[in-house]
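Below is one structure; the comments refer to it alone.
No lab work stands behind these numbers, since they all come straight from the coordinates. This structure is a prediction, so every number in the text was calculated from the model and none was measured. Cβ coordinates were reconstructed from backbone atoms using ideal geometry, including for glycine residues, and neighbour counts include every protein chain displayed.
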Amino acid sequence: MCEKCVEIDERIAHYREMAELSGGDALTILSIEELVKDFEDQKRVLHAGVGGSAANSTKQSSH
Ligand SMILES: [Zn+2]
């Protein structure tokens, strides 16, 4: 986790909140879920740098 992840998480939380506020409107929820998926992808890309599972050992390299 890093600043960018935190920022993305905040956005995800914000969109989830909007989904709830929509009162269960299916279209709204669907498009928000799509956005959230994009954000999750962005987080994965941010940390996809080195070989996958052992990424913790390289904490100080890119961020
Ligand atoms: Zn991060």
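As I understand it, the dipole of the range 3-46 uses +1 on the Cβ of Lys and Arg and -1 on the Cβ of Asp and Glu, about the Cα centre. Which of M18, S31, V6 lies farthest toward its positive end? So the residue furthest toward the plus end is V6.
Work through the residues other than I8 whose Cβ is under 13 Å from its Cβ and net out their charges, Lys, Arg +1 and Asp, Glu -1. Spell out each step's value before the answer.
On the way: positive: K4, R11, R16, K37, K43, R44; negative: E3, E7, D9, E10, D38, E40, D41.
Net charge in that neighbourhood comes out at -1.
Oblate is the label for the range 3-46. Its Cα gyration tensor axes, ordered a ≥ b ≥ c, give a/c of at least 1.5 and b/c at or above a/b.
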